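Enquirer: Below is a structure I'd like to ask you about.
The values are calculated or read from the model by the stated rules, or taken from the named source; none is laboratory data. Predicted model, so just to flag it, every value in this text is computed and none were measured. Every residue, glycine as well, gets a Cβ built from its backbone with ideal geometry; the counts of neighbours run over all protein chains shown. Ligands, DNA and RNA are stripped out before the accessible areas are found, and what is left, the full protein with its side chains, is counted by its heavy atoms. Shrake-Rupley method; radii C 1.70, N 1.55, O 1.52, S 1.80 Å.
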Amino acid sequence: DGNWLRLCDATPIHKNLVTVSRHPLRALAIAGLNWVRPAMFMQTLDEYLATLAPGTKIDIFVIHQLLDEFVPYKSNQISGVAIAEKLKPFGVRMVLMGDLHETTDMELSGIKFVYTGSTEVNSISEKYDKSFVILDIPDNDDSPITFQRYPIDTRPLIHKFIQSEKDLDELLVEFMHTAPESRQPFLMIEYDIEGRELAARAEAVLKDKALFR
C-alpha cells in the first residue's frame, strides 16, 4: 500500500477487499495483507478476517510471508495449513505469495498456495530461472483456479571474485561475451583487501554498462 502503488494508479489490497469485474454475472474478489512480522502474522490475519461481514466471499488471498511448509527452517512460526483453515470459511480458492524468490506451489488443506517468485535475481544463491504466472479462473466457484508459468528473459548475471589481474581480465572478457547491447547485466563483484583496487578498476570501466551489487 505504498506510494509506488498510487504512482502506478493501482488499488492497494492491504486489509482491503477488491472486486474485479469479469462479466455481468461474476466479479472476482481479492484481499490481502502487507508483510507482517512473523510473530504477529496470525493475529493480524485474525483481526482482519474479523472485520469482514458473515458470508463474505474471497476468491484469491495475497500475502508476503515465508511459510513453514516452503522453507527448511521452522522458526518462521507461520503455518500454511493454519492459514488455510482460517480462509476456508471465506471460500478462498488460491493464496498468492511473495517473499520467497522461487517459483513453487503446494496444496494445503484444499487451497492452492503459490509463490510466483521474484522477477530478477537478488542474490548469488538464488535460482536464475524466473517466471510469471497467469491464472485461469473458471466461472464455476466449485472449480479450482489453475495457473501456467511463463519464463522471463531476465538480465544476465555475472558473479566474480577478484583477487588478481588475471581475475580482472577474466571478468572483462566474460562481460564482453555475456552482456547484450540493449540490457545492463547485474554484476556481482566480491573481493578481499588485495582485490579492492582491482574491483574499483572494474567498476570504473563498467560503471555505465552494468548494475553493480
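Enquirer: Select from segment 141-173 the residues that are closer than 30 Å to ALA27 by Cβ and assigned to a loop (DSSP other than H, G, I, E, B) and write down the one among them that is nearest to the chain's Cα centre (by Cα).
Expert: Taking the candidates together, the pick is ILE152.
Enquirer: Looking at (1) without any contact (Cβ under 8 Å) to a residue 40 or more places away in the chain; (2) surrounded by 14 or more Cβ atoms within 10 Å (Cβ to Cβ); (3) charged (D, E, K, R), which is the only condition ARG149 fails?
Expert: So the condition that ARG149 fails would be (1).
Enquirer: Could you please find all residues in segment 174-204 being assigned to a helix (DSSP H, G or I), open to solvent by 60 Å² or more (accessible area, probe 1.4 Å) and either over 23 Å from ASN122 (Cα atoms) or in contact with a Lys or Arg (Cβ under 8 Å, 6 or more places away or on another chain) (or both)?
Expert: Of everything in segment 174-204, those that are assigned to a helix (DSSP H, G or I), open to solvent by 60 Å² or more (accessible area, probe 1.4 Å) and either over 23 Å from ASN122 (Cα atoms) or in contact with a Lys or Arg (Cβ under 8 Å, 6 or more places away or on another chain) (or both) turn out to be GLU174, GLU197, ARG201.
Enquirer: I need every pair where a residue in segment 117-131 that is of a type in the set (Ser, Thr, Tyr) has its Cβ under 6 Å from the Cβ of a residue that is open to solvent by 30 Å² or more (accessible area, probe 1.4 Å) and part of a loop (DSSP other than H, G, I, E, B), sequence separation at least 6 or different chains.
Expert: Cβ pairs passing all conditions: SER118/HIS101; THR119/ILE152; SER131/THR103; SER131/ILE152.
Enquirer: Another question about this same structure. From (1) hydrophobic (A, V, I, L, M, F, W, C); (2) modelled with pLDDT under 95; (3) under 18 Å from the mean Cα position of the chain (by Cα); (4) assigned to a strand (DSSP E or B), pick out the condition that doesn't hold for ALA31.
Expert: Status for ALA31: all satisfied but (2).
Enquirer: Can you work out which of the residues in segment 82-99 that are assigned to a helix (DSSP H, G or I) and under 19 Å from VAL71 (Cα atoms) is most open to solvent (accessible area, probe 1.4 Å)?
Expert: ALA82
Enquirer: For segment 51-58, indicate whether the set of residues that are among the hydroxyl-bearing types (Ser, Thr, Tyr), part of a loop (DSSP other than H, G, I, E, B) and either under 25 Å from PRO144 (Cβ atoms) or open to solvent by 20 Å² or more (accessible area, probe 1.4 Å) (or both) is non-empty.
Expert: Yes, segment 51-58 contains at least one residue that is among the hydroxyl-bearing types (Ser, Thr, Tyr), part of a loop (DSSP other than H, G, I, E, B) and either under 25 Å from PRO144 (Cβ atoms) or open to solvent by 20 Å² or more (accessible area, probe 1.4 Å) (or both).
Enquirer: A further question on this structure: Among the residues of segment 57-84, which ones are closer than 21 Å to LEU17 by Cβ and either at pLDDT 95 or above or of a type outside the set (D, E, K, R) (or both)?
Expert: ILE58, ILE60, PHE61, VAL62, ILE63, HIS64, GLN65, ILE83, ALA84
Enquirer: Of all residues in segment 121-146, count the ones that are over 27 Å from LYS57 (Cβ atoms) and surrounded by 14 or more Cβ atoms within 10 Å (Cβ to Cβ).
Expert: 4
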